[in-house]
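Read-outs throughout are calculated quantities, based only on the coordinates presented, and are distinct from any laboratory measurement. Only a predicted model underlies this, so the values are computations on that prediction, with no experimental measurement involved. Here the Cβ positions follow ideal geometry from the backbone for every residue, glycine too, while neighbour counts run over all protein chains shown.
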Amino acid sequence: MTVRNIRILAISVAFLAGLVACAGLALLLAGPAVQQVAAIGGPFRLTDQNGRTVTDEDFKGHPFLVFFGYTHCPDICPTTLFEISEMLRALGPDADRARALFITVDPERDTAAVMKDYLSNFDPHVEGLTGDPAQIAAVAKAYRAYYKKVPLDDGGYTMDHMAVIYLMDKDGRFVSTFSLKRTTEAAAADLRRYM
């Protein structure tokens, strides 16, 4: 083999190696060919504010919002539920085609009766769900919702929790988090797209 042939072979090998590296980088940057959906949500069996047992199947056929909180929350929960209520009012008659779930992270205090009384301050389309601690832990885990009981110096407690609203489609599949940090009309229009 001559020096010239060795150079041509070396250049060809280098070119092919560069081509393979570029193709690999392009595939890596392009991401997977199939859109990945986050594993958020899933089956649950809880009690609504009227004392009726409900499951995730009861909400299928409608897009629904899910928010985890508790009735003794001093600020985040009432503000978020007010904003959800305003958005549902902006939907007008279309509000009957959607659902909004307020799932407690404080089942010790948030009985069905307490939830019913608390939710009387908000739009009637907002449904409160409670259960025993194990049921709440399971549904929170399915939605990847963080919460933690925090003891207070006076012997009471508060609940630390995340303030995320989940948008689920008509089949109960996670779509995305749902922002209320926009006009009420814009939020209503966004939810209406999934009806």
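Residues whose amide H lies under 5 Å from that of S176, counting only those 5 or more places away or on a different chain, are L167; hydrogens are built 1.01 Å from N in the peptide plane.
Qualifying trypsin sites (Lys or Arg not before Pro) in region 73-135, where qualification requires a DSSP coil assignment and no more than 16 other C-beta atoms within 10 Å, comprise R109. Under a 5 Å amide H cut-off, with hydrogens placed 1.01 Å from N, G41 pairs with Y143, R144 among residues at least 5 apart or on other chains. Spin-label model, D154 to K170: label points 7 Å out along the Cα-to-beta-carbon direction sit 4.9 nm apart. Exposure proxy for V175, V105: other Cβ atoms within 10 Å of each Cβ, ordered fewest to most, give V175, V105. For region 45-192, the calculated P(r) over all alpha carbon pairs, in 10 Å bins from 0 to the bin holding the longest distance, is 11, 44, 36, 8, 1 percent. Each residue of region 149-164 was assigned a 3J(HN,Hα) from its phi angle through the Karplus expression (A = 6.51, B = -1.76, C = 1.60, θ = phi - 60°), giving 6, 10, x, 10, 4, 7, x, x, 8, 10, 10, 8, 8, 7, 10, 10 Hz with x at Gly and Pro. Amide H to amide H distances under 5 Å link V54 with L46, T47, D48, where only residues 5 or more positions off or on other chains count and H is placed in the peptide plane. The HN-Hα couplings worked out from phi for region 69-78 by the Karplus form 6.51 cos²θ - 1.76 cosθ + 1.60 (θ = phi - 60°) are x, 7, 6, 8, 5, x, 9, 4, 5, x Hz, whole numbers, x standing for Gly and Pro.
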